[in-house]
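As structure tokens, the structure follows; a few thoughts come after it.
No lab work stands behind these numbers, since they all come straight from the coordinates. These numbers come from a predicted model, not from an experiment. Cβ: placed from backbone, ideal geometry, glycine included. Neighbour counts: every protein chain shown.
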Amino acid sequence: MEYSILSDIGSKRSTNQDYAGTFVNRAGFRLFLLADGMGGHKAGNVASKLTVEDLGKLWTESFFDEGTPDETIETWLRNQIRNENENIANLGQLDEYRGMGTTFEALIIKNGRAISAHVGDSRKYLIRDNELNKITVDHSLVQELVDAGQITEAEAEVHPNKNIITRSLGQPTEVQADIQTFDLKINDFILINSDGLTNMVSAHEIMEVVEREDLSLDNKAEALIRLANEHGGNDNITVVLVHCDQASDLENISQEDPR
């Protein structure tokens, strides 16, 4: 397995409130995390970094192995997300952190399976057989309008209120994460990104970059961020790109770390 994690402040922001990282547990299985913070100048940074570092540390201390059922890991994710939401909400009562919150993306890769957790409007995509498939559904106002049949998907992409999200970590009430598990195949790519990418770069452009055989994985991630900035760079841009590049990946994809 190869992976690349890159983050950029963008062309318009004064700070980068995105935060991403990867962590390996005691059995060698890998977790990828991405959070896009929101709030005041400092608060968004705190919410995103805290979420990634808290969940990452807990994962490194876990003993989930080949024999652990997917359902057990899914329950663990739900519990940790609930706890972290409460933690951020409590900190958000302090004046300097008031109103802070963050989106949340997690991806655990274990024995050729991917376990995904999603809160907010950051996204995950599966690129397979020349198709870009969106794994997550945005927790946003415009997505609710799409679901109600009031606007189309195309209209949602350019809607003036597309930045209004309906679910995030840091809310005073319990937050439900979308959890799903799916099989991986050789040569699959998984893209995890903050909305600073997909607000600026089309699905067609993403596919063109990811499928370029002359680019390394790091170069693909760099090209995606460069495109977002060339198109305006209105927000922070974070890309986590994972490639299942060997048959052995499907047996125990998490054990190899080429970085």
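Going by the alpha-carbon gyration tensor, a ≥ b ≥ c the square roots of its eigenvalues, is the stretch 33-157 rounded (a/c under 1.5) or, if a/c is not under 1.5, prolate (a/b greater than b/c) versus oblate? Display every interim value, and only then the final one.
Values: a/c = 2.13, a/b = 1.01, b/c = 2.12.
Cα axes put the stretch 33-157 in the oblate bin.
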Which lysines, on any chain, are close to Lys57 with Cα under 26 Å apart, when same-chain ones fewer than 8 places away are left out? Lys42, Lys49, Lys110, Lys124
5 angstrom amide H check on Thr136, placed H, neighbours 5+ away: Lys124
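Rounded, prolate or oblate, given the Cα gyration tensor of the stretch 76-217, with a/c below 1.5 counting as rounded?
Numbers: a/c = 2.00, a/b = 1.36, b/c = 1.47.
Note, shape of the stretch 76-217 comes out oblate.
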Dipole moment magnitude, nearest 20 debye, the stretch 1-141 about Cα centre, only Lys, Arg, Asp, Glu C-beta charged: 220 debye
Pick from Ile88, Ile73, Ile190: which is most flexible by mean-square fluctuation in a GNM of the chain where alpha carbon atoms under 10 Å apart are linked? Ile73
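Ranking request for peptides 77-84, 158-165: highest mean number of other beta-carbon atoms within 10 Å first, then the rest in descending order. Intermediate results must be reported in sequence, preceding the final value.
Working: 77-84: 17.6, 158-165: 13.9.
Sorting 77-84, 158-165 by mean packing, highest first, produces 77-84, 158-165.
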May I ask you to order 223-234, 200-211 by the average number of other C-beta atoms within 10 Å around their residues, highest value first? 223-234, 200-211
Percent of Cα-Cα pairs more than 34 Å apart in the chain, please. 13 percent
Most exposed first, judged by fewest Cβ atoms within 10 angstrom, Ser216, Ser14, Ser168 run Ser14, Ser216, Ser168
The ³J(HN,Hα) series, computed from each phi in the stretch 232-237 with the Karplus coefficients 6.51, -1.76 and 1.60 at θ = phi - 60°, rounded to the nearest Hz and given as x for glycine or proline, is x, x, 5, 9, 4, 10
Assign unit charges at the C-beta atoms only (+1 for Lys and Arg, -1 for Asp and Glu), then state the dipole size of the stretch 2-252 relative to its Cα centre in Debye, rounded to the nearest 20. 660 debye
Distance from the Cα centre of the stretch 176-197 to that of the stretch 110-156, in angstrom? 9 Å
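Helix-only mean residue ellipticity at 222 nm, the chain, DSSP H runs n ≥ 4 weighted -39,500 (n - 2.57), per residue, nearest 500. What is it? Each step should come with its number before you reach the end.
Working: 8 runs with 82 residues, N = 259.
The per-residue figure over the chain is -9500 deg cm²/dmol.
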Please build a GNM for the chain, connecting alpha carbons under 10 Å apart, and tell me which residue among Thr198, Thr173, Thr15 fluctuates the most. Thr173
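Taking the Cα centre of the stretch 86-130 as origin, sum charge times position over the Cβ atoms of Lys and Arg (+1) and Asp and Glu (-1), and report the length of that vector in debye to the nearest 20. Spell out each step's value before the answer.
Working: 6 positive and 6 negative charges, 78 e Å.
Result for the stretch 86-130 is approximately 380 debye, rounded to the nearest 20.
Sort His243, His118 by Cβ crowding within 10 Å, fewest neighbours at the top. Don't skip to the end; give the middle numbers.
Values: His243 19, His118 25.
Listed from fewest to most nearby Cβ atoms, that is His243, His118.
If you rank Leu34, Leu184, Leu197, Leu94 by fewest surrounding Cβ atoms within 10 Å, what's the result? Each step should come with its number before you reach the end.
Working: Leu34 29, Leu184 21, Leu197 26, Leu94 10.
Result, fewest neighbours first: Leu94, Leu184, Leu197, Leu34.
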